[in-house]
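Worksheet: one structure, shown below.
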Amino acid sequence: LTTLREVPPPAQMAVLIGPEGGFSARERDHLLSLPFVQPVSLGGTILRAETAAVTALSLLAGFVQAK
């Protein structure tokens, strides 16, 4: 997976948080087949959906400000 530092900033961004337990293989395959989807890892720790959303948005805000 990619880190935020490796992704060029697009004009628009969206954050998709997976369901607890993870996406099914079919859902993952579909998402990864979309040309505008870039998976980014939040690290090795498994977070609850609520915590993952807050963490992702905080990291994204810091990333956008740093660019």
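For the range 12-67, with all protein chains present and a 1.4 Å probe, just round the carbon and sulfur fraction of the accessible area to a whole percent.
Details: 2630 of 4470 Å².
Carbon-and-sulfur percentage of accessible area, whole number: 59.
Reported to two decimal places, what Rg/Rh ratio describes the range 24-67 when computed on Cα atoms with Rh from the Kirkwood expression? All intermediate terms of the calculation are to be shown ahead of the outcome.
Working: Rg = 12.6 Å, Rh = 12.2 Å.
Using Cα coordinates only, the ratio equals 1.03.
Spin-label point model (7 Å from Cα, Cβ direction): what's the residue 30 to residue 54 distance in nm?
Taking the two extended label points, one gets 3.0 nm.
The values are calculated or read from the model by the stated rules, or taken from the named source; none is laboratory data. This one's a predicted model, so the numbers in the text were calculated from it and none came from an experiment. Cβ: placed from backbone, ideal geometry, glycine included. Neighbour counts: every protein chain shown. Please note that ligands, DNA and RNA were not included when accessible areas were found on the heavy atoms of the full protein model with its side chains. Shrake-Rupley method; radii C 1.70, N 1.55, O 1.52, S 1.80 Å.
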